[in-house]
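Quick notes on the structure that follows.
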Amino acid sequence: MPEPQASPLSGPLQQSGANDAGERQQADPAAWLDGLWYYALPSSQVKPGAMVTRTLLGETLILCRTSEGEAFALRDICPHRGIPLSCGSFDGREVTCCYHGWRFDRTGHCTAIPSLTDDQRFEFTKIRTRRFPVAEAQGNLWIWAGAQPDVLPPPPQVPEMHGSQQRVVETQEFPCALDHAVIGLMDPAHGPYVHQSWYWRSLRSAHEKAKRFVPSDLGFTMARHKPSRNAAAYKLLGGDLETEIAFRLPGLRIETITAGRHRFVGLTAVTPIDMNRTQVTQVMYWTMPWLNLLKPVARWLARQFVGQDRAIVTQQQRGLAQRPALLLIDDADTQAKWYYACKREFARAAAERRPFVNPVTEQVLRWRS
Ligand code: FES
Ligand SMILES: [Fe+2]
């Protein structure tokens, strides 16, 4: 059967190939999947009656919250003459364009054209600016990419922390295409180099690791295990630790650390801004009350970590500008291969209107880090 066109992807898929040294990278690194939730921003950044602007998924958006507390997102363009709606105002109910005063409700439909005289009949309700579905959970606001299905799935949630509030959020813009940011999330071999520091790891502390992976919802999970003994920051959380790391499309990493009856969860979410820029957000939740005192430390650590990843992909851009062929090796890059396989399968399943069949099989991966 011929490969279906990758219509749910925003960019072309290249053919995969292999060589002796490893597998070549397989897809347009800027392509993102439609039909999934992407992290937009923390809910708290959109107050009732507020209008904030963001560029996400290649679109400039306004994100607003009504006086009643309902969030919505519209394309930041007035359908009349194209001025950004964000140049206008929002009264907690409707957005008013600053040019001719046309008004738009939370569904993007035009509700008023002030220049019309009483006897002029004009079907302004047919005029609309594009609305993007949004959903909120656990203090996060998510935006849906692509056409809205009849029934939207619930937005992503971190496990077993239902109703919890987020403690620390760190967002940074990476000057790279989506895949390079996503692959950094699951790359086990860069730790001792990129995150080398007294509180995390050093080259000297690197040792061989073997981790069991199982397929999980839209991705795979590094099964529950004792965290690396070479990560000093883990020691902060106390003695008897276990960690589990789940990855799922479109670029979400959820690390759940249990420490006795307490829990610490890190969510890392990657959202394309456009073809060349990617938003990376780290959200931390915890149940240990004493950790609240160390919130500034947790924030500093998050900023350091994300900043180190940002610095390395910024340097990487200088090489990628020459469009080199890239390699993915076993086993250190097997998760990156799985990411590409999941992405391809998701696109194919959407094109064929069938459920996603997880291409990942249970496996132990070994590497030194
Ligand atoms: S451009 Fe917005 S109302 Fe005219
Ligand atoms: Fe990293």
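The values are calculated or read from the model by the stated rules, or taken from the named source; none is laboratory data. None of these values were measured; they are calculated from a predicted model. Note that each Cβ is placed from the backbone with ideal geometry, even for glycine, and that neighbours are counted across all protein chains shown.
Beta carbons closer than 6 Å, at least 6 apart along the sequence or on distinct chains, pair a first residue in the range 342-369 that is among the acidic types (Asp, Glu) with a second that is assigned to a loop (DSSP other than H, G, I, E, B) for GLU345/PRO359. In the range 302-347, which residues are of a type in the set (Gly, Ala, Ser) and more than 20 Å from LYS211 (Cβ to Cβ)? Across the range 302-347, the qualifying residues are ALA302, GLY307, ALA311, GLY319, ALA321, ALA325, ALA347. Taken over the range 33-51, the criterion of being in a helix (DSSP H, G or I) and either assigned by TED's automatic domain parsing to the domain that holds LEU249 or exposed (fewer than 15 other Cβ atoms within 10 Å of the Cβ) (or both) is satisfied by SER44 alone. Test ILE143 against the criterion of being within 18 Å of GLU255 (Cβ to Cβ) and either at pLDDT 90 or above or loosely packed, with under 13 Cβ neighbours inside 10 Å (or both), and give yes or no. No.
Consider the range 280-299 and keep the residues that are part of a helix (DSSP H, G or I) and surrounded by 14 or more Cβ atoms within 10 Å (Cβ to Cβ). The one that is nearest to ligand 1 (Cβ to nearest atom) is ARG299. The single residue among CYS176, CYS98 that is over 30 Å from ALA31 (Cβ atoms) and in contact with a strand residue (DSSP E or B) (Cβ under 9 Å, 6 or more places away or on another chain) turns out to be CYS98. For the criterion of being touching an Asp or Glu at 6+ places or on another chain (Cβ under 8 Å) and within 16 Å of ligand 2 (Cβ to nearest atom), ASP105 fails. Among the strands (runs of 3 or more DSSP E) confined to the range 78-163, the ones with at least 1 residues that are among the polar types (S, T, N, Q) are located at 110-112, 140-144.
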